1. Being surrounded by 24 or more Cβ atoms within 10 Å (Cβ to Cβ) and over 18 Å from the mean Cα position of the chain (by Cα) is the filter here, so list the residues in the range 361-388 that pass it.
2. More than 30 Å from M296 (Cα to Cα) and among the hydrophobic types (A, V, I, L, M, F, W, C): which single residue out of L167, L187 fits that description?
3. State whether one or more residues within the range 351-359 are surrounded by fewer than 23 Cβ atoms within 10 Å (Cβ to Cβ) and in contact with a helix residue (DSSP H, G or I) (Cβ under 6 Å, 6 or more places away or on another chain).
4. Of the residues L248, L320, L271, L279, which is at pLDDT 90 or above and not in a helix (DSSP H, G or I)?
5. Any idea which residue in the range 147-176 is farthest from P131 (Cα to Cα), counting only those that are modelled with pLDDT of 75 or more and outside any helix (DSSP H, G or I)?
6. Please pick out the residue among I425, I411 that is under 17 Å from A319 (Cα atoms) and either within 22 Å of the chain's Cα centre (by Cα) or modelled with pLDDT under 80 (or both).
7. Please pick out the residue among H143, H193 that is part of a helix (DSSP H, G or I) and either modelled with pLDDT of 90 or more or under 28 Å from S349 (Cα atoms) (or both).
8. Of everything in the range 32-61, what is among the aromatic types (F, W, Y) and either out of contact with any Leu (no Cβ under 9 Å at 6 or more places or on another chain) or not in a helix (DSSP H, G or I) (or both)? Give them in sequence order.
Amino acid sequence: MQLAAPAASASSPRSRWLTPFVVSLFFAWGFATVLVDTLIPKLKAVFALNYAEVMLTQFAFFLAYLVMSIPAGLILSRIGYLRAVVTGLLVMAVGCLMFSPAARLGAYPAFLAALFVMASGITLLQVAANPLVALLGSTATSHSRLTLAQAFNSLGTAIGPHVGAALILAGGIVAAPDPATTTPAALAAFRVHEAAATQAPFLMIAAGLVVLAAVFWFARRDTTVPIPEKAAGLASTLGLLRRPRVALGALSIFIYVGAEVSIGSLMANYLMQHSTLALPAARAGAVVGYYWTGAMIGRFIGAYVLRVLRPGDVLTLCALAAFALATTSAFSTGMVAAVTIVAIGLFNSVMFPTIFTLGIEGQASDTPEASGLMCMAIVGGAVIPLVTGALADAVGLHLALLAPAACYLWIALYGRLARQPAITIAPLTAPP
C-alpha cells in the first residue's frame, strides 16, 4: 500500500488545528480502557467470580485486538485515516451504550459483549491514530512524538480510576448472596441493583465520543493528512511478519500489554488484601490511579529523554526497573508491596510507544499494515492476565506478580535487539 503525498506539509498551519483532536483520541481510549480495572472488583463480587473467571473481562476486551486489528488495517487502507477514526469512535460509542442493557439484565456475558464491541472501536482508533501521530512530523522524532501523545493516554488512565471509584465502587463491594439459600428471583434482583452502578461512566464516554466523531467527520477532506493510494490485502499484511523488526515488535507488544494489564487489573484486589494495605474497595480503586499517573509522568519525561538517548537503551533500562519492582512486591508485604507495585507505572510509561515505533520504523508505505499487526498483538492483554489470574488462584496474588515480572525481562532483551535504527526492511528469508 502506498501513501499519497499530502498537498501540504503535515505540520503546516492548516493541519495543526487537528493535532489536539488526534491527541484527544489517546485520552479517550485510555480513560475507557482503565475503567475495566475498577469494573473488575465490582463484577467479581456481583457474580461471585474467582480471579480466572473475572479476568474474562480483560479477555473479552483484548480479544477484540486479535479479531479486529487486521480488518481495521484493511479498513484504514480503503477509507483513510480520518474516516477510520470516525468509524472507530462510533463503534466504541455503541459498545459504551451496551453497558446500560447489560446492567439492566444483570448478566455477566452481556458485560463481556459490551467490552468486546467497545474494544473493537478502540482497536480501529489505535490502528489509525498511532501511525498518524508518527507520520505528522519527521521520522527522527517519531518516538518522542508518539510518547508525548501516549502521555495524554496516560492522563486518561490516571483520571479514569478516580471516576470509576467514585461512580462504580462508591457503594463498596457487596458480596453476592449464597445461591443455595437465595431464590433465583432475589439473586437476579441483587445483580441488577448492584450492576446499575456500572452504567454512568460509560454513558458519559459515549456522549463525548459522538462529539469527537463529528469533529473528525468535518475534517475528513483535509488534504494534509496522508491517504492510501491502494487497498491493502490480508496476505501482504501477514507477510510483514517475515520482517524481524515487525515480528519482534509485535511479540514485544503482546508481552508488554499482557504485563501492564495483569498488574492494573489485579491491583485493586491486591491493595484490598490484609497482607498489603487492607484498603476499602473505593480507596483501592482510586489508588490504582496513581499507577497510571506514574505512567503519565514518565511519558512526559520520556518525550524529552527519547530525543537525547537511544530508544532501545531507554526501553531496556525501564524494563529492568519494572522487573525489579514487580519481583520486590511479590516477596513483600504491607507498604513496601503496595509502593513497589504502584511505582511500576512510572517505568511502564515509555514501553508501549517505544516498542510500537521501533516495530514500524523503516516500513515506509507498509506502515498502516505494520500498525495493524502491532495493534493485533495487544491481544496479549487477553492472554497473559488469564494466566496471571489462574496463578493467583493457585498461589496467591503476591506470587502471581512473577508472571508479569518475567514479561519485563523479555522487553529488556528486545530493547537491546532493537537499539540500532532500522536501515532496511528485508524479510527473514533474505540473504545476509
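1. Scanning the range 361-388 gives P368, E369.
2. Just a single option satisfies the conditions, and that option is L187.
3. The answer is no; no qualifying residue exists.
4. L279
5. Among those residues, the one meeting the criterion is L169.
6. I411
7. Of H143, H193, the one residue that is part of a helix (DSSP H, G or I) and either modelled with pLDDT of 90 or more or under 28 Å from S349 (Cα atoms) (or both) is H143.
8. Matches in the range 32-61: F47 only.
The values are calculated or read from the model by the stated rules, or taken from the named source; none is laboratory data. The model shown is predicted, which means the values in this text are computed figures rather than measured ones. Note that we place each Cβ from the backbone using ideal geometry, even for glycine, and neighbour counts take in every protein chain shown.
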